Amino acid sequence: MSILSDILLGLGIFVCVISVIGLLRFPDVYTRLHAGTKATTLGSLLVVSGIIVGFLPEIDDSEFMIIIHALIAVMLIIFTNPISAHAIARAAMLAGIKPAMAEVDEYNSPSHDISVNDNDTNKSDEVLKEEQ
Amino acid sequence: MKLVSLLAMFIIAGFMFTGIGKLHLPGDPAGNSNVFSQRSSEKTDTANISTMDDYYLRNGQMETGSNNIVTSVVFDYRGFDTLGEAAVLFLVVTSISMLLFSIIKGKDLEETVLTDSDGFPAGMTRIVSIGTVLMLPIIMAFGAYLVIHGHLSPGGGFQGGAVMATGTALLVISSFVVRNLQKTYKLFSFFESLGLTVFIVTGFAGMGISFLHNFLANNDGSFLGKVIPLGTNPGFLNSGGILPILSTAVGIEVFCGISIILVLLSRALNARGSQKGGHKC
Amino acid sequence: MTNHIPVLIITLPLIAAFLQPVTGFAGFKLRNLVIITILLVLNGLLFMLVPDVALQGKTIYYTMGASDPSQFTQPGISFPVRIVLKIDSFSLFTGIIVGVVTLTTFLFSTGTVKEDKRKSYFSTLFLLFTAGLMGMSFTNDLFNFFVFLEISSISGAALVAYRTYRKHAPYAGYKYILISTIATTFFLFGVGICYAQYGSFNIQYINSVLAHSYLDKVAMLFIIVAMAMKAGSVPMHMWVPDTYAEAPASISAMLKASGMVTLCAMFRFTFSLFGPSSSGAGKINYETLGWIVIVLGVLSMFIGVTMALIQHDVRRLMAFHAVSQTGYMLLGVGVGIAVFAKGDGGAAFKAFGKMAMVGGIFHIMNNAFYKNLLFLTSGVMERRFGTRNLNGMIGLGHRDTLTTVVFMIGALAIAGIPPFNGFDSKLLIYESVYKFSPVLAIIAMFVSVMTLASFMKVFYSSFMGPRRDDLIVEGAPLTKGTKAGLIILAALIILTGLFPGIIVDGIIEPAVTALTQIR
Amino acid sequence: MLSIFLYVTVVSLLILSITSVIYKRNLIKLVIALNIAESSVNLFFITLAYRPDSTAPIFTLAPALQELRMVLPSPQALILTNIVIGFATTALMLVLAVITYKNNGTLDIRKLKGVEDHD
């Protein structure tokens, strides 16, 4: 049992580390979002299941509390992480940030309900560049 | 100038790096690690104590009636710090509203709710709106739990209030816009002021002995004054003396204060007076 | 109720501030009345303590939440476990400065700050500023000091940015809070090092068990640097002109008071926290420390006054003079520190060191009064002409007799002309510093002459000359509150200048004794 | 050496943050730098409070009294205070940066240097 728990914990940590590297290496908001939310969802799921498996053999009051807490945490993570990723991505799109190194046709298509002003986009890029 | 400050920085860094070698090792702090080994049941037990923290660990439970020693330090032993901290939050809410009400003018003070055909707010997608509606009760309940159980489990007024304020943040990002900013501001501001006033009045209520004296702890047990047994126990909600009252007051204050900050900031960033679209800042 | 005075002094402005959303709605006259009453009560409480504390040398403790608040420690243990407030002569001296300055400044601001919806926020922040400064004066706990330092610096930053319609005011506020946050981070680091060794935050307890180890010196470096940064002494003075110039006039005066309190706290940490204790082996080298303070002081004096001479902006000019005046205090107290623990059994300290410290501390009080008067009159000038530029001001003396007179009093006091109070403290500093090192005294006198020249320039260009009513933007006469603030400060300057003996014997000398007494 | 690693982290974070305060020009980045400094102080206090094999200082559902070892409570209380104060400072700084941007149209310190010109 404890070996299984260790394996799960290690896997979870590995996935989280990968996602951190992705956060640092990816070029723009959308791909970073991919690394920052999807990978950490899997990573934290693995870590939490490792904890549950590790506590299962010797179960008493306080361990039972921990398992219950962990289960609730897992459910909330599964529920909220995709929603927040979606909200951030949409906010970034509303703010007019274009995906780097990608050709997106539907971005400027007239069928899309939110139109983005090109002048504004350029201006926000300037603001971002000013810090150097 | 930059070189001078960098040089000063390096000198200070040198002092620090030589200084940390002389600090005690992590995990080896001053004080007695076996504080509880010979604990008798007396109320103020001063044997085997060498530092302030040992005193808190050994006597905090009996003196303040709270199982959580961190809470008893925050609200009882160092309650005056907490008053100052609550004052800092009040201060920053006041100054932010002072600064931002000079930007938010005219039409920005009132905003109508834009809804789509099914009654959900436009702006963010349906996914976010439904997620908000589902998550908000859970978040509020969890925050209230943290506030009320501050003297039994990890938590307390500040943490609980901050958790509850994330509910407001959810409402803000999912575009549930505030209909009338002035009225909302007045409501939140009233409750924030109320929380702080309750805090300080509770402090003055113990003034017969001293300011912020925990006069309710270890009383008859009917109202927040239950005498809890020494050592590990399951925790009783009606213990802790004035700690739950102070914790609740701070919780209300933090919730309302952070909500004001969030609402005002989101409104100021979307203010029409300056630029179109609110994403430049 | 008498033994609860220490906590009342801090909590009364806090309550008044917390109730501002209520009293603010009830009309501004009631609100101003409440605040003036609170500030008067504060001053009354402070002066009630003078006979006991300053004249008889008692020390009042107040332990928060303890069963017997007047005890320093609880029975059975040798260290305090709760927050302790301590009022001795030195902190009372600091408190009196804060009380007088806040009262006069608020009276002044009732007439000059525009009465609109945002004025309620202004008075709330003002009260919290007062509470923060009072807490900094009276607390005996390092972390509590940090909390009050944050209260005063955050409210100060918000008030500096009060006139958001001006182009640069928010940036000035940003600068102030940036510097304050760096300073408080350094301070907290020093506090952490003290806690790591002694397991306590109480200043008096730490001093009683201080080992004078290497770590203590690092902690002292952090704390002194933080305090000097907040007080605006020379290597860290870059923020002073911008913030003082962009703030409303009354807030410039409050920032000056905050700088004075920080300076007092720096001296208190030097002596009461890291001073010689009974248990210590390797003492801190007081001569080196004193020389560091002296060099900082001389640099502040000289750079401040030379920068001030070339300014055309009246507020920036006064801000640079504030830096320069800080140098006098550092010089006086630095000489005291340098001879404090000399090997001659305290002979040099008795001969002139103590007098130098009395001069330095007395100069803090005098400077708080006349500098505030000057800042307030500069507010009147700015209001009249709608600009801070000296080139745009002329002939105000024909219109505002009161402003002219009080500006004259303040300018003569800052230049050290008898019979005003600047003369007394500067004389004490010159005399004692001359015995220590003649060169330093000559530099100080030279700076004083340059100060006079600079203020003559201001006086000549803005008050003298032909009457030009077409340049006046705001011609309404000063309100009663504004006049009262100016007159009180001018009267205090003249009274202190005429009878310095009473003040020195009654407040300053006990304060220095309390500061330097070896436990 | 390994046990001193936490203190080394604390000092490195502090130096990092102060260096970036000196070298960064964007007002928002300065706020981030100050947040790093605040985190380093918090880490310092938490490191001071650590005791091996200890539980949190909460008696609810704690192990039996005889074998109880608890970490120091007061640094935790203090960094709670410090976190709230840091939050307050950050919020105020961000608001001031927003208003500075609205007044001047830039967040760059080099372009904001004109504070000294009156009116």
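The values are calculated or read from the model by the stated rules, or taken from the named source; none is laboratory data. What you see is a predicted model; the values in this text were computed from it and never measured. Cβ: placed from backbone, ideal geometry, glycine included. Neighbour counts: every protein chain shown.
A few notes on this one:
- Set C:Gly506, C:Gly481: member being more than 30 Å from C:Gly111 (Cα to Cα) and not charged (D, E, K, R): C:Gly506
- Residue in the stretch A:72-89 that is over 19 Å from B:Gly131 (Cβ atoms), crowded, with 16+ Cβ neighbours inside 10 Å and either out of contact with any Phe, Trp or Tyr (no Cβ under 8 Å at 6 or more places or on another chain) or modelled with pLDDT of 90 or more (or both) present: no
- Options C:Lys167, C:Lys117, C:Lys86; residue that is under 27 Å from D:Val98 (Cβ atoms) and either surrounded by 24 or more Cβ atoms within 10 Å (Cβ to Cβ) or more than 7 Å from every other protein chain (Cβ to nearest Cβ) (or both): C:Lys117
- Meets criteria (out of contact with any Cys (no Cβ under 9 Å at 6 or more places or on another chain), within 15 Å of C:Phe423 (Cβ to Cβ) and surrounded by 15 or more Cβ atoms within 10 Å (Cβ to Cβ)) for C:Gly497: yes
- Of the residues examined, B:Met140 is one that is without any contact (Cβ under 8 Å) to a residue 60 or more places away in the chain and either away from every other protein chain (no Cβ under 12 Å) or not in a helix (DSSP H, G or I) (or both).
- Identity of the residue in the stretch C:431-440, in contact (Cβ under 8 Å) with a residue 40 or more places away in the chain and under 15 Å from C:Met301 (Cα atoms), that ends up surrounded by the fewest Cβ atoms within 10 Å (Cβ to Cβ): C:Leu440
- When the stretch D:94-112 is limited to residues that are at the interface with another protein chain (Cβ under 7 Å from one of its Cβ atoms), in a loop (DSSP other than H, G, I, E, B) and not polar (S, T, N, Q), the one that is farthest from the chain's Cα centre (by Cα) turns out to be D:Leu112.
- Scanning the stretch C:277-292 for residues that are surrounded by 17 or more Cβ atoms within 10 Å (Cβ to Cβ) and modelled with pLDDT under 80 gives C:Ser277, C:Gly280, C:Ile284, C:Tyr286.
- Any hit, the stretch D:46-63, residues being under 13 Å from the mean Cα position of the chain (by Cα) and more than 14 Å from chain A (Cβ to nearest Cβ): yes
- Residue count for the stretch C:225-269, restricted to those that are under 30 Å from B:Phe15 (Cα atoms), out of contact with any Ser or Thr (no Cβ under 8 Å at 6 or more places or on another chain) and in a loop (DSSP other than H, G, I, E, B): 1.
- Selected residue [more than 7 Å from chain C (Cβ to nearest Cβ), within 17 Å of B:Asn68 (Cβ to Cβ) and within 25 Å of the chain's Cα centre (by Cα)] from B:Leu230, B:Leu194, B:Leu216: B:Leu216
- For the stretch C:502-519, a residue qualifies if it is modelled with pLDDT of 85 or more and over 20 Å from the mean Cα position of the chain (by Cα), and the qualifying residues are C:Ile502, C:Asp505.
- Among the residues making up the stretch D:46-60, a single one is crowded, with 17+ Cβ neighbours inside 10 Å, aliphatic (A, V, I, L, M) and either in contact with a Phe, Trp or Tyr (Cβ under 9 Å, 6 or more places away or on another chain) or assigned to a loop (DSSP other than H, G, I, E, B) (or both): D:Leu48.
- All conditions but one from (1) charged (D, E, K, R); (2) within 7 Å of chain B (Cβ to nearest Cβ); (3) free of Cβ contacts under 8 Å to residues at least 12 places away in the same chain apply to D:Arg69; the one that does not is (3).
- Pairs are defined by a Cβ separation below 7 Å, a sequence spacing of at least 6 or placement on different chains, a first member in the stretch B:1-30 that is at the interface with another protein chain (Cβ under 7 Å from one of its Cβ atoms), and a second member that is assigned to a helix (DSSP H, G or I) and among the polar types (S, T, N, Q); the pairs so defined are B:Met9/D:Thr19; B:Leu25/D:Ser3; B:Pro26/D:Ser3; B:Pro26/D:Thr47; B:Gly27/D:Ser3.
- Some residue of the stretch D:64-82 being touching a Pro at 6+ places or on another chain (Cβ under 7 Å) and surrounded by fewer than 20 Cβ atoms within 10 Å (Cβ to Cβ): no
- Scan the stretch B:239-271 for residues that are facing chain D (nearest Cβ under 9 Å) and either in a loop (DSSP other than H, G, I, E, B) or closer than 19 Å to B:Met62 by Cβ (or both) and the total you get is 1.
- Of all residues in the stretch C:293-324 being within 14 Å of chain D (Cβ to nearest Cβ) and farther than 18 Å from C:Gly232 by Cα, the one that is surrounded by the fewest Cβ atoms within 10 Å (Cβ to Cβ): C:Ile310
- Residue list for the stretch A:3-35, filter: under 19 Å from A:Val74 (Cβ atoms), in contact (Cβ under 8 Å) with a residue 40 or more places away in the chain and either touching a helix residue (DSSP H, G or I) at 6+ places or on another chain (Cβ under 6 Å) or not in a helix (DSSP H, G or I) (or both): A:Leu4, A:Ser5, A:Leu8, A:Leu9
- Which numbered condition C:Phe138 misses (of (1) at the interface with chain B (Cβ under 7 Å from one of its Cβ atoms); (2) among the hydrophobic types (A, V, I, L, M, F, W, C); (3) under 30 Å from C:Phe79 (Cα atoms)): (1)
- When restricted to residues that are over 26 Å from the mean Cα position of the chain (by Cα) and of a type in the set (Phe, Trp, Tyr), the stretch B:26-75 contains 1.
- Checked against (1) farther than 30 Å from C:Ile508 by Cα; (2) part of a helix (DSSP H, G or I), C:Leu107 passes all but condition (1).
- Restricting attention to the stretch C:466-501 and to residues that are among the hydrophobic types (A, V, I, L, M, F, W, C) and more than 18 Å from C:Leu373 (Cβ to Cβ), the residue that is modelled with the highest pLDDT turns out to be C:Phe499.
- Pick from the stretch C:183-237, criterion charged (D, E, K, R) and crowded, with 21+ Cβ neighbours inside 10 Å, ranking: farthest from C:Leu273 (Cα to Cα): C:Lys230
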